[in-house]
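I have placed the structure first, in the form of structure tokens, so that the comments after it can refer back to it.
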Amino acid sequence: MRFAQLVLCTGLVIATAMPAMAVVHARRGPTSHHSLFHARGQKHSKIAARSIGQRSIDDSRATQIQAALVKSGYLSDPSGHWDANTSAAMEKYQADNGWQTKLVPDSRAIIKLGLGPDHDADRATAASTLGTTESASASTISQ
């Protein structure tokens, strides 16, 4: 009988201790990492946003775009650098073609103006490289 009481008490103690052990969780930190950037008790200040991408258009590229806009009749006097007149002319060109006007210049506008990537030069380079490789392999085979 005493043994049964001992087993019963031990079981009771273990049974009551188990849920307490199961409830213990590792403390998770805050979901926001805001505290990493600001010390407690300090006023919050804006963190300078790091902007990505091109800031301005190079003068040589602006001159090319202006020449194409003059040729298309959208610009009358090129200045040699990207200015308000050039931006307005590009916006009108993009609007007339049914494209967005928030980002100027649009890649489609640049391509339609004839200033896109030069695929002919790429093909010529590839052909000259291929021709050199073919002649080198032909001379190797004949030896």
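The values are calculated or read from the model by the stated rules, or taken from the named source; none is laboratory data. Keep in mind that what you see is a predicted model, and the values were worked out from it rather than measured. Here Cβ is always computed from backbone atoms with ideal geometry, including for glycine, and neighbour counts include all displayed protein chains.
Before moving on, here are some points about what is shown:
- Number of positions in the stretch 60-86 that are surrounded by fewer than 13 Cβ atoms within 10 Å (Cβ to Cβ) and part of a helix (DSSP H, G or I): 3
- Inter-residue pairs, beta-carbon under 9 Å, first in a loop (DSSP other than H, G, I, E, B) and in the stretch 1-29, second at pLDDT below 75, 6+ apart: 29/35
- Residues that are at pLDDT below 70 and among the charged types (D, E, K, R) within the stretch 96-143 comprise 122, 134, listed in sequence order.
- Residues of the stretch 97-113 that are loosely packed, with under 11 Cβ neighbours inside 10 Å and either polar (S, T, N, Q) or over 22 Å from residue 56 (Cβ atoms) (or both): 98 alone.
- Scan of the stretch 4-59 for residues that are modelled with pLDDT of 70 or more, surrounded by 10 or more Cβ atoms within 10 Å (Cβ to Cβ) and not β-branched (Val, Ile, Thr), ordered by number: 6, 8, 9, 11, 12, 58, 59
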